[in-house]
Amino acid sequence: MHSLEDRVVILRRLVWLGDAAFGRRNAPIGGLKDPRMRQIGLEVVSACRARDDLCELGSIYEFVKRNVRYTGDITDKDTFQTAWRTLQMAGGDCDDHGVTNAVLAMENGFQTKFRITSNAGATWDHIYCMAAIPKHSPARWIALDTTLGRGKFANEPSRAKYKDFVVGEM
């Protein structure tokens, strides 16, 4: 298993570099450097009025919720996917949901961070994306936890403790 810091480094690299984060040259990139992700990001929010940040985040949330089934990792193995791979496979765990939400939000100009939580306080067992609104003068963070279930936009799971990690620049 990876340490908490190692996981965050991997997730940040997946957001920014996609498959290139693992040295794959002939594979789809799937991160912010992939024009397909920009196209998907813009299509997802196309029904929203310009500068309607909550509509855009709600559209991203619903898109990922509708198109990515939650599934756990392979037994005793951490697996990581790019946003492109997660959408291609239509499934992934909380890491994969978080990366996909972060990429789509960032493609639309939102600042993002990962929130890693602990249900009981003993281990770090969940992660999801948070996006800042408004885009150009962030005042609050909105949860994009697409693993919680329908109708849970902007809701966060109960937790004993959490840590935030800004996705930042690569």
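Descriptive notes on the structure:
- Anchor Lys77: lysines whose Cα lies under 21 Å away (excluding residues fewer than 8 positions away in-chain): none
- Rh by Kirkwood over Cα pairs, then Stokes-Einstein D for the stretch 1-87 at 1.306 mPa s and 10 °C, µm²/s: 110
- Proximal lysines relative to Lys135, as straight alpha-carbon distance under 29 Å, when same-chain residues fewer than 8 apart are discounted: Lys33, Lys65, Lys113, Lys152, Lys161, Lys163
- Averaged over its residues, the stretch 1-114 has an accessible area of 49 Å² per residue, based on protein heavy atoms and a 1.4 Å probe.
- Per residue, the Cα convex hull of the chain amounts to 114 Å³.
- Left without a cysteine partner by the 4.7 Å Cβ rule in the chain: Cys94, Cys129.
- Taking the accessible area of the chain, probe 1.4 Å, and keeping the other protein chains in place, the carbon and sulfur fraction comes to 49%.
- The Cβ shell under 9 Å around His126 holds other residues with a net charge of 0, Lys and Arg each +1, Asp and Glu each -1.
- Packing rank of 104-111, 146-153, 129-136, 76-83, where each peptide gets the mean count of other beta carbons within 10 Å, highest leading: 104-111, 129-136, 76-83, 146-153
- The orientation-averaged projected area of the convex hull spanned by the Cα atoms of the stretch 85-170 comes to 6.3 nm².
- Span per principal axis, largest first, for the Cα atoms of the stretch 131-170 (Å): 29, 22, 19
- Area accessible to solvent at Arg36, 1.4 Å probe radius, in Å²: 80
- Ratio of Rg to Rh for the stretch 52-100: 1.04 [Cα atoms; Kirkwood radius as inverse mean 1/r over pairs].
The values are calculated or read from the model by the stated rules, or taken from the named source; none is laboratory data. All figures in this text were calculated on a predicted structure; none of them were measured in a lab. Cβ coordinates were reconstructed from backbone atoms using ideal geometry, including for glycine residues, and neighbour counts include every protein chain displayed. Heads up: the accessible areas ignore ligands, DNA and RNA and are worked out on the full protein's heavy atoms, side chains in. Shrake-Rupley method; radii C 1.70, N 1.55, O 1.52, S 1.80 Å.
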